[in-house]
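Report on the structure given below.
The values are calculated or read from the model by the stated rules, or taken from the named source; none is laboratory data. The structure displayed is predicted, hence computed values, not measured ones. As a convention, Cβ positions derive from the backbone with ideal geometry for all residues, glycine included, and neighbour counts pool all protein chains shown. Surface accessibility is based on the protein's heavy atoms, side chains included, excluding ligands, DNA and RNA. Shrake-Rupley method; radii C 1.70, N 1.55, O 1.52, S 1.80 Å.
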Amino acid sequence: MPPLFRTALALASAAILLSACASFPHHAPVTGLRLIGEQRIALKYPFEGTTVGGLSGIDYDVANKSWVMESDDRSAINPARFYRATLAYDSKAFTGVTLASVHFFTQPDGSRYQNLAHAKLEQGDQVPDIETIRVDPQDGSLWYGSEGNRKVGLDPFVRHADSGGHYLATLPTPAMFKVAKDEIGSRNNMSFEALSFSSDGKSLWLGMEAALYQDAPLATPDIGSVVRITRLDRAGTVLGQYAYPIEPVASRPAPGKEADNGVSEILAVNDHQLLVVERAGVEHADGLYTNHVRIYEMETQGATDIQAIPALAGASYVPARKRLLLDLEKTGLERVDNIEGISWGPRLENGRRSLVMISDDNFNAQQVTQILAFEVL
């Protein structure tokens, strides 16, 4: 059996000072992040009859002091699932990750999600592409988002499950995010990528990975783009929606190769500010990718509520303000992979808060599953 984890990076001395004025709920303002270290999970690690990989969402379960990490496996390798784990870190070192259990998401009829080859679409089956997961601060249940599948007419969705992944309800989401035959609505594999509870736990923030067709072209090395980030109450009523500007792709791909930039996760800081993960992938001539990952602070105060604007292209509105907090390429990491998850963690022994990020390796031997732990200064 391959080793589960590689040696943690010894980066306790690296500090990235930030000028953030945002604050955690009930906590002092953020003035910096210090990278504690890194752990990696081995490629296609076998665990309780499943293959670990594609970990595209992470959140901390305060009640039982564990972490939930979901896989974006479209039930192709194993049925759609999430893992519970413990992360061993303090202010001095990140020393290990231990998987504790695996749980399978279920559909409304109680069955597990099927892959596209076996799903009964005419009977209402969904093919999962689960990209984000959050623990409900009120009762420990789970909320997760799937990107759907535009190619076969499946809309993106947000669902509520119990702590074991069993279906409870589907959250109503705005009709503008549905897929359509014409170039309108969500793009394929670029829709519900990000989810966060508000700082008071009473509502949810939902983030798109990329622009709706009617809002803007995708980001390129020459131009940025825009995505909608929406606040909904627990019944699905839209409380506000804001335009978040995406940066141009940070480098150029090789001729004929791909490059993109989009939102891979969000995390509420307080009632009006969010952390936004912008993750770019740039393909080289050999088919390998460079990832550019940056964390921004999004400020919704002063931005236009755009929920009633059907198309942003050509419309008049004020986008949310943003400010760069952290460029992962400047942290001293050996490599920056495909970061898709971010979560607040427990307080460290020195009383400071922690923050954790995770990457999605796409079950690809050219990528890694890396988990990063930070001390919040």
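Treating r as the C-beta distance of ALA311 and THR31 and R0 as 35 Å, the FRET efficiency rounds to 0.30.
When GLU329, GLU340 are compared by accessible area of protein heavy atoms, the largest-first order is GLU329, GLU340, using a 1.4 Å probe. Applied to segment 228-238, the Karplus parametrisation 6.51 cos²θ - 1.76 cosθ + 1.60 on θ = phi - 60° returns per-residue 3J(HN,Hα) values of 9, 10, 10, 9, 10, 7, 5, 9, x, 5, 6 Hz, with x for Gly and Pro. With a 1.4 Å probe and every protein chain left in place, tell me how much accessible area ARG40 has, in Å² to the nearest 10. Roll a 1.4 Å probe over it and ARG40 shows about 20 Å². In order along segment 79-85, the phi-based Karplus estimate (6.51 cos²θ - 1.76 cosθ + 1.60, θ = phi - 60°) of 3J(HN,Hα) comes to x, 3, 7, 9, 10, 10, 8 Hz; Gly and Pro are listed as x.
Using θ = phi - 60° in the Karplus curve 6.51 cos²θ - 1.76 cosθ + 1.60, the 3J(HN,Hα) couplings for segment 310-327 round to x, 9, 7, 4, x, 7, 9, 7, 9, x, 5, 7, 9, 8, 5, 9, 8, 10 Hz; x is entered for Gly and Pro. On full extension, the segment bounded by ASP90 and ARG323 gains 81.1 nm, given 0.36 nm per residue less the C-alpha separation.
Report the gain in length on full extension from GLU48 to ASP233: 0.36 nm times residue separation, minus Cα-Cα distance, nm rounded to one decimal.
Working: separation 185, 0.36 × 185 = 66.60 nm, distance 3.64 nm.
Roughly 63.0 nm would be gained on extension.
What segment 67-206 shows is 39 Å² of accessible area per residue, with the surface traced by a 1.4 Å probe over protein heavy atoms.
Run through the DSSP bridge list for the chain and note the antiparallel percent, rounded to the nearest 5. Each step should come with its number before you reach the end.
Working: 106 of 106 bridges.
In the chain, approximately 100 percent of DSSP beta bridges are antiparallel ones.
Of LYS120/LYS181; LYS120/LYS202; LYS44/LYS181; LYS120/LYS257; LYS151/LYS202, which sit over 28 Å apart, Cα to Cα? Can you show the working numbers first?
Numbers: LYS120/LYS181 21 Å; LYS120/LYS202 35 Å; LYS44/LYS181 36 Å; LYS120/LYS257 35 Å; LYS151/LYS202 34 Å.
Going by Cα-Cα distance, LYS120/LYS202; LYS44/LYS181; LYS120/LYS257; LYS151/LYS202 fall outside the 28 Å limit.
A cut-off of 5 Å between modelled amide H atoms, ignoring neighbours fewer than 5 places along the same chain, links GLY32 with LEU18, LEU377. If the segment from ARG252 to HIS284 were pulled out straight at 0.36 nm per residue, it would be longer than the present Cα-Cα gap by 10.6 nm.
Ordered from largest to smallest accessible area (heavy atoms of protein chains, 1.4 Å probe), the residues ARG234, ARG81, ARG150, ARG321 come out as ARG321, ARG234, ARG150, ARG81. Amide H to amide H, with H built 1.01 Å from N, VAL249 comes under 5 Å of THR220, ASP222, ILE223, counting only residues 5 or more places away or on other chains. For segment 108-139, the list of trypsin sites (Lys or Arg not before Pro) that fall in a loop by DSSP and count at most 12 other C-beta atoms within 10 angstrom reads LYS120. Each Cα pair under 8 Å and six or more residues apart adds its sequence gap; the mean of these over the residue count of the chain is a relative contact order of 16 percent.
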